[in-house]
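S.K.: Below you'll find the structure I mean.
The values are calculated or read from the model by the stated rules, or taken from the named source; none is laboratory data. Note that the structure is a prediction, hence the values are computed from the model and not measured. So basically every Cβ, Gly included, is an ideal-geometry build from the backbone, and we count neighbours across all protein chains shown.
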Amino acid sequence: DTEVTQTPKHLVMGMTNKKSLKCEQHMGHRAMYWYKQKAKKPPELMFVYSYEKLSINESVPSRFSPECPNSSLLNLHLHALQPEDSALYLCASSQEGYYQETQYFGPGTRLLVL
Amino acid sequence: KQEVTQIPAALSVPEGENLVLNCSFTDSAIYNLQWFRQDPGKGLTSLLLIQSSQREQTSGRLNASLDKSSGRSTLYIAASQPGDSATYLCAVRGTNAGKSTFGDGTTLTVKP
C-alpha cells in the first residue's frame, strides 16, 4: 500500500472560518510534508515533520498551523485565511525522512477562500 | 539558492513518438532528483528517483538520466501514448536541510 489519503477533497471557507485539512498514511513512514501549489505552478514546501516533530517550517504565516498527532496523521489547521491562500494543498510522506527517499504524495485538497 | 528549470514548458506529439523532457538545476550539491507526473487537479505520482551517485533509472517505457556535474537530467519516454498526457515535474532534493525544489513542469499532450 503506497497510498497517502487527504480529506476533504474540496473546501470552501470564508476569511473568518476555522477549518482543518487532514492527511493519513499507513506505510509506516516517519516523515510527512505539507506543500502548497498554486495553479500552473510547482509545489512549494510549507512544513516537514520527522518522527512527529516539526523539522522544517518555511516561514509560513501563522494562520497555517500544522499538527502531527501521531506518526500516521498530519493536520493543517487554517484560521483567518486570505483569498490568496486559495490553492491545492498537498501532503506527502517518506520512509524515514532521509534525503535519499522517495516522497509519496496524496491527491490534495483544493481550497477556495472567499 | 537552488533553481530548477524545465524545458520545454509544453510539448505536443503524435502517439508512438519517443520524446525527451529536460530538467536543469543550478546547485549540484544534491541528494537526489525525482521525476513526477501530475494530472490536472490531482496529486503527484512518483515516476523515478535517481540518487546523486546514480546515472540513470528505468521503469517500463521511462528512462531518467542524471548528470550532476552539469546540472542536468532528462526523462525519456518511449512509444508515447495518449495516457501519458500530463504535466511532468522534476524535483531536486538539496543538501541544505534536504528541501525539495521543483521545476515549473512540462505539460505533455500525446495526440491519438
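S.K.: Among the strands (runs of 3 or more DSSP E) contained in chain B, which hold 3 or more residues that are within 22 Å of residue A:4 (Cα to Cα)?
M.R.: Values: elements: B:4-7, B:10-14, B:19-25, B:30-38, B:44-51, B:56-59, B:62-67, B:72-77, B:86-94, B:100-102, B:106-111.
So the answer is B:30-38, B:44-51, B:86-94, B:100-102.
S.K.: What residue, among those in the stretch A:22-50 that are away from chain B (no Cβ under 12 Å) and of a type in the set (Phe, Trp, Tyr), is surrounded by the most Cβ atoms within 10 Å (Cβ to Cβ)?
M.R.: Here the residue is A:34.
S.K.: Which condition number does residue B:51 fail, the rest of (1) over 24 Å from residue B:17 (Cβ atoms); (2) in contact (Cβ under 8 Å) with a residue 60 or more places away in the chain being met?
M.R.: The failed condition is (2).
S.K.: Output the residues belonging to the stretch B:27-73 that are hydroxyl-bearing (Ser, Thr, Tyr) and touching a Gly at 6+ places or on another chain (Cβ under 6 Å).
M.R.: Hit for the stretch B:27-73 is B:28, nothing else.
S.K.: Something else: Only one residue in B:28, B:24 is in contact with a Lys or Arg (Cβ under 7 Å, 6 or more places away or on another chain), at pLDDT below 95 and surrounded by 13 or more Cβ atoms within 10 Å (Cβ to Cβ). Which one?
M.R.: Exactly one residue qualifies, and that residue is B:28.
S.K.: Can you go through A:90, A:76 and tell me which one is modelled with pLDDT of 95 or more, touching a Pro at 6+ places or on another chain (Cβ under 6 Å) and either within 13 Å of another protein chain (Cβ to nearest Cβ) or closer than 26 Å to residue B:95 by Cβ (or both)? Break it down into steps so the answer makes sense when it comes.
M.R.: Details: A:76 fails: either within 13 Å of another protein chain (Cβ to nearest Cβ) or closer than 26 Å to residue B:95 by Cβ (or both).
Going through A:90, A:76 in turn, the sole match is A:90.
S.K.: Out of all the residues in the stretch B:16-23, is one or more within 12 Å of chain A (Cβ to nearest Cβ) and touching a residue at least 12 places away in the same chain (Cβ under 8 Å)? Talk me through it step by step, then tell me what you get.
M.R.: First pass over the stretch B:16-23, keeping only residues within 12 Å of chain A (Cβ to nearest Cβ): B:23.
Restricting the remaining residues to those that are touching a residue at least 12 places away in the same chain (Cβ under 8 Å) gives B:23.
Yes, the stretch B:16-23 has at least one match.
S.K.: Let me ask another. Filter the stretch B:67-79 down to the residues that are surrounded by fewer than 21 Cβ atoms within 10 Å (Cβ to Cβ) and closer than 21 Å to residue B:38 by Cβ and list them by number.
M.R.: Of everything in the stretch B:67-79, those that are surrounded by fewer than 21 Cβ atoms within 10 Å (Cβ to Cβ) and closer than 21 Å to residue B:38 by Cβ turn out to be B:74, B:76, B:78.
S.K.: State the number of residues belonging to the stretch B:69-112 that are closer than 26 Å to residue B:27 by Cα and within 14 Å of chain A (Cβ to nearest Cβ).
M.R.: 21
S.K.: Right, something else. Within the bounds of the stretch B:50-66, is there any residue that is on the phi > 0 side of the Ramachandran plot and surrounded by fewer than 16 Cβ atoms within 10 Å (Cβ to Cβ)?
M.R.: Taking every residue of the stretch B:50-66 in turn, at least one turns out to be on the phi > 0 side of the Ramachandran plot and surrounded by fewer than 16 Cβ atoms within 10 Å (Cβ to Cβ).
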